[in-house]
Amino acid sequence: MFALLAKCHDKALALSNRGRIHMTFAVILVAIVIISVLFHFLSPWQATPLASNWGSIDTTITITLVITGIFFVAIVLFMAYCVYKYKAVPGRRSEYRPENKKLEWWLIGITTVAICGLLAPGLIVYNDFVHVPANAVEFEAVGEQWRWSYRLPGKDNTFGRTSVTRIDENNAFGIDPNDAAGQDDILIGGNQIHVLINQPAKALLRSKDVLHDFYVPQFRAKMDLIPGQVTYFWFTPTVLGTFDILCAEYCGIGHYNMRGQVVVDDAVSYQEWLSSQLTFADVISGGTVEGLVEQGQRLASSRGCIACHSIDGSPSLGPGWVDLYGRQETLSDGSMVEVDGPYLIESVVDPAAKIVSGYPPIMVAYELSDEQLNSLVAYIASLSSDPKNSTSIQPSTEE
Amino acid sequence: MAYADDVENEELHEPTSFISKYVWSQDHKVIAIQYSTTAILVGLVALVLSGMMRMQIGFPGSIDMDATAYYQAMTMHGMIMVIYLLTAIFLGGFGNYLIPLMVGARDMVFPYVNMLSYWFYLVSVLVLLASFFVPGGPTGAGWTLYPPQAITAGTPGSEWGIILMLVSLIIFIIAATMGGLNYVTTVLQARTHGMTMFRMPLTVWGIFVATILALLAFPALFVSGLMMLLDKTIGTSFFMPDMMQFGSQLDYSGGSPILFQHLFWFFGHPEVYIVALPAFGLVSDLISVHARRSIFGYRMMVWAIVSIGVLSFVVWAHHMYVSGMNPYFGFFFATTTLVIAVPTALKVYNWLLTLWRGNIHLTVPMLFSLAFIVTFLVGGLTGLFLGNVVVDIPLSDTYFVVAHFHMVMGVAPILVVFGSIYHWYPKITGRMLHDGIGKLHFWITFLGTYLIYFPMHYLGFLGMPRRYYAYEDYPFIPDSAQSLNAFITVVAIVVGISQLLFLFNLAYSYFKGAPSGGNPWRATSLEWLTPETPPKHGNWGPSLPVVHRWAYDYGVPGAVLDYVPQTTSAEEVPVHENDHDE
C-alpha cells in the first residue's frame, strides 16, 4: 500500500515542474506568518482576566510578543523570499562570499538592542516582584498531598514557630506549643482562604511533604512550596470573588486535583469570616471533650484522608465519603461488598485488600488505634447527603 | 598539527566473522547504526506513550488510562525522548558515523571503548524498559525526577520504577562518557593531513562542543542520581528534609530538595545544547550543500557554537525562577539567558544568509532543514518569554512551557535528525531514500507539528497548568480549550502514524532505493570522497585523504564544477579561505 502511495506521489511530482515546489514552499511560509498573526488576534484562548496588581507582568508579555513577533515575521518572510528568488537554476551558481563581517556585526547589534528592550522592562518589573511592600499582610499556605490549609498570624501579627516534626493529630500545623506567638495563630483547615481586596498580601509557603506550587491564574504570580523551608511571594488582589488555587508543581498522582480556593473579600465580609475562625489555643484546648464523630473528623483532616476522599459529594481520587456507609460497592475483582465498619477498618489498615472498582490502588496503609478507627467509621457514617448531617463546605464558583 | 603521523602504517584489524563485524563491532560506522537503530526503536515507544497521553487530554476517558498510567507515560516519554533518543542519536549515532569520516580518520581513536559505549547504552535502555514490568510499573515522577516525590509513596512507580530509572541513567552516563572521550580525542588527535580545526565541517564542531558539554554536565546528573538512589535505598537524606506523608513522619532529616534541582539543571540546561549544538552543526552542512553556497560566516558560526556552549553552563537556574530559590538569582540568570540569544540569533541569520543568493535545491534534506529554521525560530523566540524571569512567572508550569520546549528541543532537533538521515542515508547504504515518500513524510511532519504546538502556547497564556491528568471543573478554563485539545490530539495522532512512512522508507529503500553513487549531493566534505560507498572498514583504502581547503567551497568563481572537494589542491583551484574578509 505504501509503495502504491509513493508511486502516485512520485508521478504527481514528476508532472509538476521543478520550480513549482519553491513557489509552494514560499507560499506556505507566507501563509504560516499570516495565519499565526491572525491566530494571535482572533484566538479565543487569551490570558485569563487579571485580578491582581500584576498588570505589569502582562505588559512585559505584550512587549515580548511585539518584539519577538517582529523578528518572527521578518525572518520567515525573508526565508520565503530567498526560497522563491534563489531557486536552483541549471547552470547558475551561487554567489561566493563566505563572510561579511560588517553585516554580521550589524545584525548582532540589532539583536542586542532588541534583547535589551526585552530585558530592561522585565528586570524592572521583577524588581517589584522581589520587593514585598512594607504594608503587606502575611498569610501562610501549607501544602500537602493533595490539599491546602492556611494560617494567619493572629492579633500579635507574628506566626508561631513551626516544625514538621511536631505535626500530629492535635497539631496539624506543627506549631510549637511553647511559643507564645503561636497561641493566637488562626488555623484554617479547609481548602479555602480569604484575603482582603486591595490589600497587599504576602504568601508564606510551607509544605509538609513534597514540592507544590501556589498558583492562581488570575493573579499571575506563583511560587513553589518546598518541604524544609519557607518560600514567599506577594500580590494585591483587585477583584472580588472566588478563585481557584492550582498546584503548579508536580506532586504525585493527585497533582491535578489538588485545588484550593482564595476568596477576595471586602472589609465587612473579611471581618465576618475572620471572626468565625479558631485560633491554635482554641484548637488545643477544645479538643479534650469531643464526640466520636468530631474526633473522626479531626483525624480525617489531620491525617490527610480528605485530600483523596471528598466529603462534599464531589469526585475525588478515592471513593467519596458522602453516603458511602451502608452502600453496596463493586470491587475490582467483580465481587460485591457492603460498606460497613469492618470493611472500612480493613480498607484503612490494609487498603490493597479490597479495592473499589474504578479507583487506582494507590492508598498507603495507616496505623491507627482502635479508638481512632472507630471514630473514623463514625465520622464516615455521619456523612450523608441529607442536609441536616452534611458537614461539607460548598465551594462557590462565581467570580 | 595534531594528526597521527604513522596512522597509515597501523594495522587495521579487519573483522573476520559475522559476530565481530556486526555485533561486537569496533567499527565506528557499525556502532553508529547500532546506536541509531536502538535510539529510534526506543523513541517509537516514547511516541506511542505520547499518543496515549494526547488521547487522555484530547478525549478524556477514551482509552483506559488512569492517572497512574498517565504520569508514567508522561515521565517515560520525556526521559526517553531527551536522553535515550536525542542525546543517543546525535552523539552516538551521527557523532560516531560522521566524526571519523569528516576529519579523515580510519576510526575512533579507542575503538574498543567505543564498542563498550554502545553496549552500555543498550543495557541502560533495557534496564529502562524493564521498569515497565516491575511491581508498581515505571516511575511517574516526571522526567525531572524532583525529590521528595520521586521516591515517596503517592507517586507512581515509587517502589521499583524509580530505582530502575536511576540505575539506567547511571549506566547511560557511563556509556555517554566512554563515547564522549572518543569523540573529543578523535577530533583533537586523529584529523588527517591538512584538516585544521578551522577546516572542519560545522557538524564536527557542533558534535565536538556538545560532547565537551556532555562530559562536563553529565557528572552532575550522575552524582544527583546516585545520591537519590541512596536516599531511596538506604535512607540517606541528601535531598530529603524533615517531612511527613499521609499523616506519618518519615525517617528523613536535614536534606535539601532544591539542591537536587540545582544539580539536575546544571546538567539539564547544557543537555538542551547537547542536543541543539549537533543539530546546529548538521543543519548548517545540509543548508550549505543544498543551497550550493558556502556557509555564511563560518568563523562566526564556530564562535557562536563555542560561546553558546560556554554560556549554557551559567543559565541553568532559569528553569527554577519559581522554585523558591533566592529570588535575587533571577536577575543574574535572566541576563545570562537573554545574552545567549545573541549568538543563537546569529546562527539563524547566517543560515538565512546562506540561502540568500544561493542556488537552492529543495531536496528532502533541505526541506527538513528549512522547516527546522522555522520551528527553531518559534521555539527560540518563545524561549525569550521564559528566560526573562518576570515573564516566566505566569507562564512557568503551563502549556506555554510544553509548547516551547517541544518546539525548540523536540521537534526542531528531530527535523534535523530526519533531514540528516535523508542526507547521509546514501552514504550509509549506497541507495537513495525514496523522494516522494520523503516529501510526504516531510509535509505531514512539518505542518502537523506546527499545528500541534503553535496553538498550544495559547493554552499557556490562558493559564492551563501542565502535568494535569484531567481538567474537570476548573471554571477559568473555557470549554473551547477542550476543543483545541481535541484538535491537537487529532493532529498529533496523524503525525505520529505518519512516521510509519519514514520507517517504511528506510526499509524499502534499503532494498529498492535508486543506487546513489558515492557523492549524490555533489558535496565537498570528506565523507563523500571515500573510495567505496558504503565505506569499508578503515574508510580510506591504503592512504588517508589530504585536505587542502575548508568544507564549504561551493560556487567558487573559476572552478569547473560548482563545488570543490576538500581534497582538491590549491594548484587546481585557488584556496580563498584567507581572504574571506572584505
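The values are calculated or read from the model by the stated rules, or taken from the named source; none is laboratory data. The model shown is predicted, which means the values in this text are computed figures rather than measured ones. Positions of Cβ are backbone-derived with ideal geometry, glycine not excepted, and every protein chain shown enters the neighbour counts.
Go through the stretch B:158-193 and count every residue that is within 14 Å of chain A (Cβ to nearest Cβ) and either part of a helix (DSSP H, G or I) or at pLDDT 95 or above (or both). If you could, list the steps in order and put the result at the bottom.
At the first step, the residues of the stretch B:158-193 found to be within 14 Å of chain A (Cβ to nearest Cβ) are B:158-159, B:161-162.
Now restrict to residues that are either part of a helix (DSSP H, G or I) or at pLDDT 95 or above (or both): B:161-162.
Of the residues in the stretch B:158-193, 2 are within 14 Å of chain A (Cβ to nearest Cβ) and either part of a helix (DSSP H, G or I) or at pLDDT 95 or above (or both).
Against the list (1) within 29 Å of A:Ile253 (Cα to Cα); (2) at the interface with another protein chain (Cβ under 9 Å from one of its Cβ atoms); (3) in a helix (DSSP H, G or I), the condition B:Phe504 fails is (1). Yes or no: the stretch B:379-400 includes at least one residue that is surrounded by 24 or more Cβ atoms within 10 Å (Cβ to Cβ), free of Cβ contacts under 8 Å to residues at least 60 places away in the same chain and of a type in the set (Phe, Trp, Tyr). Among the residues of the stretch B:379-400, at least one is surrounded by 24 or more Cβ atoms within 10 Å (Cβ to Cβ), free of Cβ contacts under 8 Å to residues at least 60 places away in the same chain and of a type in the set (Phe, Trp, Tyr), which makes the answer yes. Looking across the stretch B:549-560, the residues that are exposed (fewer than 15 other Cβ atoms within 10 Å of the Cβ) and either within 10 Å of chain A (Cβ to nearest Cβ) or not in a loop (DSSP other than H, G, I, E, B) (or both) come down to B:Pro557, B:Gly558.
When you go through B:Met200, B:Met243, B:Met228 one by one, which is the residue that is among the aliphatic types (A, V, I, L, M) and away from every other protein chain (no Cβ under 14 Å)? Step through it out loud before you land on a result.
On the way: B:Met243 fails: away from every other protein chain (no Cβ under 14 Å); B:Met228 fails: away from every other protein chain (no Cβ under 14 Å).
So the residue among B:Met200, B:Met243, B:Met228 that is among the aliphatic types (A, V, I, L, M) and away from every other protein chain (no Cβ under 14 Å) is B:Met200.
Among the residues in the stretch B:252-268, are any over 18 Å from B:Phe222 (Cα atoms) and outside any loop (DSSP other than H, G, I, E, B)? No, every residue in the stretch B:252-268 fails to be over 18 Å from B:Phe222 (Cα atoms) and outside any loop (DSSP other than H, G, I, E, B).
Mind telling me which of the residues A:Glu144, A:Glu104 ends up being farther than 27 Å from A:Ser36 by Cβ and assigned by TED's automatic domain parsing to the domain that holds A:His40? Talk me through it step by step, then tell me what you get.
Values: A:Glu144 fails: assigned by TED's automatic domain parsing to the domain that holds A:His40.
Checking each option against the conditions leaves just A:Glu104.
Only helices (runs of 4 or more DSSP H) whose full extent lies in the stretch B:27-127 are considered here, and the ones with at least 3 residues that are in contact (Cβ under 8 Å) with a residue 12 or more places away in the chain and out of contact with any Ser or Thr (no Cβ under 9 Å at 6 or more places or on another chain) are B:28-58, B:67-79.
Within the group A:Thr165, A:Thr242, A:Thr238, which residue is surrounded by fewer than 20 Cβ atoms within 10 Å (Cβ to Cβ), free of Cβ contacts under 8 Å to residues at least 12 places away in the same chain and in contact with a strand residue (DSSP E or B) (Cβ under 8 Å, 6 or more places away or on another chain)? If you could, list the steps in order and put the result at the bottom.
On the way: A:Thr242 fails: free of Cβ contacts under 8 Å to residues at least 12 places away in the same chain; A:Thr238 fails: free of Cβ contacts under 8 Å to residues at least 12 places away in the same chain.
The conditions single out A:Thr165.
The residue that is nearest to B:Pro138 (Cα to Cα), counting only those in the stretch A:244-254 that are within 7 Å of chain B (Cβ to nearest Cβ) and within 8 Å of the chain's Cα centre (by Cα), is A:Glu249.
Residue check: is B:Tyr453 at pLDDT below 95, buried (at least 21 other Cβ atoms within 10 Å of the Cβ) and either of a type outside the set (S, T, N, Q) or over 25 Å from the mean Cα position of the chain (by Cα) (or both)? Give the derivation first.
On the way: at pLDDT below 95: no; buried (at least 21 other Cβ atoms within 10 Å of the Cβ): yes; either of a type outside the set (S, T, N, Q) or over 25 Å from the mean Cα position of the chain (by Cα) (or both): yes.
Judged against the criteria, B:Tyr453 is not a match.
Of all residues in the stretch A:109-148 being more than 9 Å from every other protein chain (Cβ to nearest Cβ) and crowded, with 19+ Cβ neighbours inside 10 Å, which is nearest to A:Gly189 (Cα to Cα)? Only one residue fits best here, namely A:Trp148.
A single member of A:Ser332, A:Ser276 is surrounded by fewer than 19 Cβ atoms within 10 Å (Cβ to Cβ) and either under 26 Å from A:Ile175 (Cβ atoms) or of a type in the set (Lys, Arg) (or both), and it is A:Ser276.
All of (1) surrounded by fewer than 21 Cβ atoms within 10 Å (Cβ to Cβ); (2) at negative phi hold for B:Gly61 with one exception: (2).
Name the single residue, out of those in the stretch B:320-348 being in a helix (DSSP H, G or I) and among the small types (Gly, Ala, Ser), that is surrounded by the fewest Cβ atoms within 10 Å (Cβ to Cβ). It would help to see each step written out before you state the result.
First pass over the stretch B:320-348, keeping only residues in a helix (DSSP H, G or I): B:329-339, B:341-348.
Imposing the further condition that a residue be among the small types (Gly, Ala, Ser) reduces the set to B:330, B:334, B:341, B:345.
Values: B:Gly330: 26, B:Ala334: 25, B:Ala341: 22, B:Ala345: 24.
Here the answer is B:Ala341.
Give me the residue from the stretch B:484-539 that is within 23 Å of the chain's Cα centre (by Cα) and over 30 Å from B:Val45 (Cβ atoms) and, out of that set, surrounded by the fewest Cβ atoms within 10 Å (Cβ to Cβ). For the stretch B:484-539, the residue satisfying everything is B:Glu527.
Being part of a loop (DSSP other than H, G, I, E, B), away from chain A (no Cβ under 13 Å) and in contact with a helix residue (DSSP H, G or I) (Cβ under 6 Å, 6 or more places away or on another chain) narrows it down to one of B:Pro535, B:Pro520, so name that one. Break it down stepwise before answering.
Details: B:Pro535 fails: in contact with a helix residue (DSSP H, G or I) (Cβ under 6 Å, 6 or more places away or on another chain).
Unique residue meeting the criteria: B:Pro520.
Got a number for residues in the stretch B:349-373 being of a type outside the set (A, V, I, L, M) and either in a helix (DSSP H, G or I) or closer than 15 Å to A:Ile28 by Cα (or both)? Lay out the reasoning, then the answer.
So the first thing to find is which residues in the stretch B:349-373 are of a type outside the set (A, V, I, L, M), and the list is B:349-351, B:354, B:356-359, B:361, B:363, B:365, B:368-369, B:372.
Okay, now just the ones that are also either in a helix (DSSP H, G or I) or closer than 15 Å to A:Ile28 by Cα (or both), so B:349-351, B:354, B:365, B:368-369, B:372.
Summing the residues that are of a type outside the set (A, V, I, L, M) and either in a helix (DSSP H, G or I) or closer than 15 Å to A:Ile28 by Cα (or both) in the stretch B:349-373 gives 8.
The set of residues in the stretch B:453-482 being more than 7 Å from chain A (Cβ to nearest Cβ) and aliphatic (A, V, I, L, M) consists of B:Met456, B:Met464, B:Ile477. If you check A:Ala180, A:Ala201 for being in contact (Cβ under 8 Å) with a residue 40 or more places away in the chain and of a type in the set (A, V, I, L, M), only one passes: A:Ala201. Note on the stretch A:115-130: residues that are over 15 Å from B:Phe329 (Cα atoms) and not hydrophobic (A, V, I, L, M, F, W, C) total 2. Touching a residue at least 40 places away in the same chain (Cβ under 8 Å), among the hydrophobic types (A, V, I, L, M, F, W, C) and within 12 Å of another protein chain (Cβ to nearest Cβ): is that true of B:Val374 in this structure? Yes: the conditions hold for B:Val374.
Sub-6 Å Cβ pairs linking a first residue in the stretch A:334-355 that is in contact (Cβ under 8 Å) with a residue 12 or more places away in the chain and of a type in the set (Asp, Glu) to a second residue that is surrounded by fewer than 16 Cβ atoms within 10 Å (Cβ to Cβ) and not in a loop (DSSP other than H, G, I, E, B), at least 6 apart or interchain, are A:Glu338/A:Gln328, ordered by first then second residue.
From the list A:Gln229, A:Gln261, the one residue that fits, being outside any strand (DSSP E or B) and either within 17 Å of A:Ala51 (Cβ to Cβ) or more than 12 Å from the chain's Cα centre (by Cα) (or both), is A:Gln229. Kindly indicate whether A:Ile226 is buried (at least 24 other Cβ atoms within 10 Å of the Cβ), modelled with pLDDT under 95, facing chain B (nearest Cβ under 9 Å) and touching a helix residue (DSSP H, G or I) at 6+ places or on another chain (Cβ under 7 Å). Judged against the criteria, A:Ile226 is not a match.
Any residue that is in contact with a strand residue (DSSP E or B) (Cβ under 9 Å, 6 or more places away or on another chain) and either surrounded by fewer than 22 Cβ atoms within 10 Å (Cβ to Cβ) or of a type in the set (A, V, I, L, M, F, W, C) (or both) - is there at least one of those in the stretch B:570-577? It would help to see each step written out before you state the result.
First pass over the stretch B:570-577, keeping only residues in contact with a strand residue (DSSP E or B) (Cβ under 9 Å, 6 or more places away or on another chain): none.
Checked against the condition, which is being in contact with a strand residue (DSSP E or B) (Cβ under 9 Å, 6 or more places away or on another chain) and either surrounded by fewer than 22 Cβ atoms within 10 Å (Cβ to Cβ) or of a type in the set (A, V, I, L, M, F, W, C) (or both), the stretch B:570-577 yields no hits at all.
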